[in-house]
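Below is one structure, written out as structure tokens; comments come after it.
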Amino acid sequence: MKAADASPRGKGRLPPKLADARTRIDTAMRERGLHSTGPRRLIIDEFLAAREHVTLDDMAARVKGRDASVGLTTVYRTLRLLVECGVAEEHQFGDRMTRYELLSHGAHHDHLICTGCGKIYEFHEPRIESLQDEVATRFGFHQRTHKLEIYGECATCNAAPKRAPASHKAAPEPPTPVNKKARSPRSAPQKRHRS
């Protein structure tokens, strides 16, 4: 069986989009003189099976769940390989964490990022795409690519009861004052005499 025929979990054939990704990965590895090692195949399989944007730590945890011997460096290098061969795309959604997403050729989409729970929603809106093209044309700009990220709160977070921001929390209670007159003679500071 060819690598492109295997599914990420070994059950049946890959959908065409994933089979194409697998073919591009295999070609990129051959061009770079890289071997298709067990750990690399496992990382690639887990990435292709992921249905969400994954961080390096997410991928490492998924892979280590199946093979504890695979190191973080191997996971990182394999994700970088996927980016370099055009199978994955890197995103940073304002939290300084790099996330990796399976790149869908010809299926552009944009992102809604919830600042409450961190969930990332993908969407495609033809009217936005058309407007961006119009703006680029108006300015004589030859657009190669673009990304649209909208930050806010998802419906679930928006419906949740609001908590006061940390800056608006009530100040902690001051310590109970000590009654200095109530000190016993033993606890009162004693003056030292110099001789």
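Figures for the structure shown
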{"read-out": "Convex hull volume per residue in cubic angstrom - Cα atoms of segment 24-99", "value": "87 Å³"}
{"read-out": "His146 versus Thr73: modelled label distance in nm, points set 7 Å from Cα along the beta carbon direction", "value": "4.2 nm"}
{"read-out": "Where labels lie 7 Å past Cα in the beta-carbon direction, separation of Leu112 and Asn158 in nm", "value": "0.7 nm"}
{"read-out": "Extension reserve of the Arg41-Arg80 stretch, reckoned as 0.36 nm per residue once the Cα distance is removed", "value": "12.6 nm"}
{"read-out": "FRET efficiency, Leu131 to Thr27 (Cβ-Cβ, R0 45 Å, nearest 0.05)", "value": "0.75"}
{"read-out": "Relative contact order computed over segment 108-160 (Cα-Cα under 8 Å; 6+ residues apart), in percent", "value": "49 percent"}
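Taken together, the values in this text are just the output of simple stated rules run on the coordinates, not laboratory data. All of these numbers come straight from a predicted model, not from anything done at the bench. Counting neighbours? That spans all protein chains shown, and the Cβs are built from the backbone with ideal geometry, glycine included.
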